[in-house]
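Remarks on the structure that follows.
The values are calculated or read from the model by the stated rules, or taken from the named source; none is laboratory data. None of these values were measured; they are calculated from a predicted model. Note: areas computed on protein heavy atoms with side chains; ligands, DNA, RNA excluded. Shrake-Rupley method; radii C 1.70, N 1.55, O 1.52, S 1.80 Å.
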Amino acid sequence: VLYELNRLDEAAESYEKALRFHPDAMVYFNLGNVRLRQMKLNQAVASYRQALRLDPNHAEAHNNLGNAFRIMNRHEGVLASYREALRLKPDYVDAHTNLGFLLMEHGRLDEALDSFRRALHLNPGHVKAAAGEATIYERQGDYEKAYARLQPFLESGNETDDVALAFSALCRHIQRCQ
């Protein structure tokens, strides 16, 4: 509850208190999430690693460890973390999406596109994956496909920052934005 209320210091204190009495993977994971949101990245990594020491099959902890590594520019750790999350939970939409963005950042567009498509196959309404796929189409010069991917989100009013950013990049190339 404290995390959802953005009372992060109190949430961290509560999790740390619980851990003093009973080490638990889920509590370490939640503490890692607090530390990640606070941008206390070394502490987030330490918490996720503790969670994984107690539960090596915790796919979400692997994914979020990858997110922390990505912010820290620890690229090899990112890739390994996302891939492990997907090995453990092949239908993990957020991990497919995160992997897609990582691969796109490194110019591996075909692999990134495959990751976004897998995410969208699992959840056709996943906004971040759709925005990632549209961004790749835009970079490849396929503006019609990019627009078609974004159009349902634009029409439904489900225009997140990810969709707005992808649409803004696309508008440099097409006339429909006028």
More than 22 Å apart - percent of Cα-Cα pairs taken over the chain: 51
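Multiplying the sequence separation of Leu122 and Asp110 by 0.36 nm and subtracting their Cα-Cα distance, what value in nm do you get?
Values: separation 12, 0.36 × 12 = 4.32 nm, distance 1.86 nm.
Residue separation times 0.36 nm, minus the Cα-Cα distance, leaves 2.5 nm.
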CD proxy, 222 nm, the chain: helix-only mean residue ellipticity via -39,500 (n - 2.57) per DSSP H run with n ≥ 4, per residue, nearest 500, stands at -24000 deg cm²/dmol
Quote the relative contact order of the chain in percent (integer), defining contacts as alpha-carbon pairs under 8 Å separated by 6+ residues. 11
For the range 53-61, in residue order, the Karplus 3J(HN,Hα) values (coefficients 6.51, -1.76, 1.60; θ = phi - 60°; whole Hz; Gly and Pro = x) are 5, 7, 9, x, 9, 7, 4, 5, 5
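Relative to the compact globular guide of 2.2 N^0.38 Å, what is the alpha carbon radius of gyration of the range 1-41, as a ratio? Don't skip to the end; give the middle numbers.
Details: Rg = 9.5 Å, N = 41, 2.2 N^0.38 = 9.0 Å.
For the range 1-41, the normalised Cα radius of gyration is 1.05.
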Counting only protein heavy atoms, what percent of the accessible surface of the chain is carbon or sulfur at a 1.4 Å probe? 49
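Ranked from the most accessible area to the least, with a 1.4 Å probe and all protein chains present, what is the order of Arg139, Arg20, Arg7?
On the way: Arg139 140, Arg20 165, Arg7 105 Å².
Most to least solvent-accessible, the answer reads Arg20, Arg139, Arg7.
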